[in-house]
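Engineer: Okay, handing you the structure first.
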Amino acid sequence: MTRMKDSVESALDSDAIVVERTLSGDRDAYRLLVERHSANLFRLAYRMTGNRHDAEEVVQEAFLRGYQKLGQFASKSNFGTWVYRIAANYAIDRVRQQRREEARKEKPARDKSGGKETDPMNFVKDEKPLPERLMLNTELRKKMEEALDALTPSERTAFVMRHWEGCAIEEIAGVLKSNSGATKNTVFRAVQKLRRALEPFVTKRMEARAIGQQG
Amino acid sequence: MRHLTENELIGYREGEHAEREEITVHLAGCEICSKELERIEAVLAALDALPVEDPGEDYGRRVWQQIAPRLGEKPGRSSWLRSLPAD
């Protein structure tokens with residue numbers, strides 16, 4: 001346990017040392033920080049944006065912004081956490097911007113349907129029931145991606161950071177620029193929406209598996 | 001105790017419900033609420049199986065190659081701002 005603690009502290013120390021080297025003008029030292037933290041940032045960005053291209057853009061932009069703001073980084077804090085937050089902030093801004101652009105392009109169609117196509121409740125109700133045992137994993141995966149896409153950028157961010165990344169409510173609130181109470185409600189609303197959208201398909205898959213096991 | 005609302009069950013699952021012990025006791029004796037919690041758990045468990053693409057072992061190196069030409073000679077250093085959080 002002590003060894004693990006020492007090892008964690010040593011990793012943090014080395015990040016702090018690398019930050020100092022970078023600030024002293026050793027630009028290539030920043031490479032170590034990029035190589036250490038890229039995979040973590042990619043995982044967060046991929047879950048927030050839902051695709052590889054946007055995730056890669058988010059990671060690059062986060063490190064560029066991190067470099068530009070490195071002088072603002074308090075060396076006693078954790079560089080990984082700091083750049084992670086920059087990535088989360090940029091990812092949510094980027095997704096919001098993309099949604100606004102899509103809304104502008106799709107405005108005429110949405111006006112006709114009253115915006116119903118964005119509500120996961122409606123898209124589930126509109127689905128024709130699929131025959132049992134035909135709900136393959138790939139189809140469920142598609143439904144899950146659609147359900148995540150149907151969340152608002154704040155809901156998706158809150159869900160990703162809380163459920164998959166295990167972040168504290170206060171940390172998520174910082175990214176959403178909201179308070180803890182409102183952030184909790186955003187997490188709860190995201191779970192509710194995902195449940196509404198996915199429960200019929202998850203139940204079908206479980207039933208199909210049970211039938212398969214019996215047969 | 002009345003049956004739990006969906007919000008209460010989600011809050012319990014997230015570890016964000018103040019009356020946690022009371023709810024635990026209720027769930028132990030209430031099949032309706034425990035089944036409801038199971039259904040929420042099943043959806044979240046299915047979401048856990050949603051894969052994240054693997055960026056590859058040399059991903060960090062590739063990120064560096066992409067951003068290095070865009071970095072200035074020196075990062076911004078403004079000592080009076082060092083205690084501010086990232087925005």
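Engineer: Does any residue of the stretch A:24-32 turn out to be of a type outside the set (Val, Ile, Thr), within 13 Å of A:Ile86 (Cβ to Cβ) and at the interface with chain B (Cβ under 7 Å from one of its Cβ atoms)?
Structural biologist: So in the stretch A:24-32, the residues of a type outside the set (Val, Ile, Thr) come out as A:24-32.
If we keep only those that are within 13 Å of A:Ile86 (Cβ to Cβ) as well, we get none.
Checking the stretch A:24-32: not a single residue is of a type outside the set (Val, Ile, Thr), within 13 Å of A:Ile86 (Cβ to Cβ) and at the interface with chain B (Cβ under 7 Å from one of its Cβ atoms).
Engineer: Oh, and also: Within the stretch B:16-75, which helices (runs of 4 or more DSSP H) (wholly inside it) include 2 or more residues that are within 8 Å of chain A (Cβ to nearest Cβ)? Can you show your working first?
Structural biologist: Numbers: elements: B:20-29, B:31-48, B:59-67.
Here the list reads B:31-48, B:59-67.
Engineer: Restricting to the stretch A:136-192, give me the number of residues that are over 30 Å from A:Glu207 (Cα atoms), part of a helix (DSSP H, G or I) and of a type outside the set (D, E, K, R).
Structural biologist: Residues in the stretch A:136-192 being over 30 Å from A:Glu207 (Cα atoms), part of a helix (DSSP H, G or I) and of a type outside the set (D, E, K, R): 17 in total.
Table: residues versus (1) within 11 Å of another protein chain (Cβ to nearest Cβ); (2) surrounded by fewer than 18 Cβ atoms within 10 Å (Cβ to Cβ).
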site: A:Glu146; (1), (2): no, yes
site: A:Ala158; (1), (2): yes, no
site: A:Met161; (1), (2): no, no
site: A:Trp164; (1), (2): yes, yes
site: A:Leu176; (1), (2): no, no
site: A:Lys184; (1), (2): yes, no
site: A:Arg189; (1), (2): yes, no
site: A:Glu207; (1), (2): no, yes
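Engineer: Looking at the stretch A:65-85 only, could you name the residues that are of a type in the set (Phe, Trp, Tyr), at the interface with another protein chain (Cβ under 7 Å from one of its Cβ atoms) and under 18 Å from A:Arg43 (Cα atoms)?
Structural biologist: Matches in the stretch A:65-85: A:Trp82 only.
Engineer: If you go through the stretch A:86-99, how many residues are farther than 19 Å from B:Tyr59 by Cα, surrounded by 17 or more Cβ atoms within 10 Å (Cβ to Cβ), more than 10 Å from chain B (Cβ to nearest Cβ) and not basic (Lys, Arg)?
Structural biologist: 3
The numbers here are math on the coordinates, done by the rules we state, and not lab data. If you're wondering where the values come from, they're calculated on a predicted model, not measured in any experiment. Cβ atoms come from the backbone with ideal geometry, glycine included; neighbour counts cover every protein chain shown.
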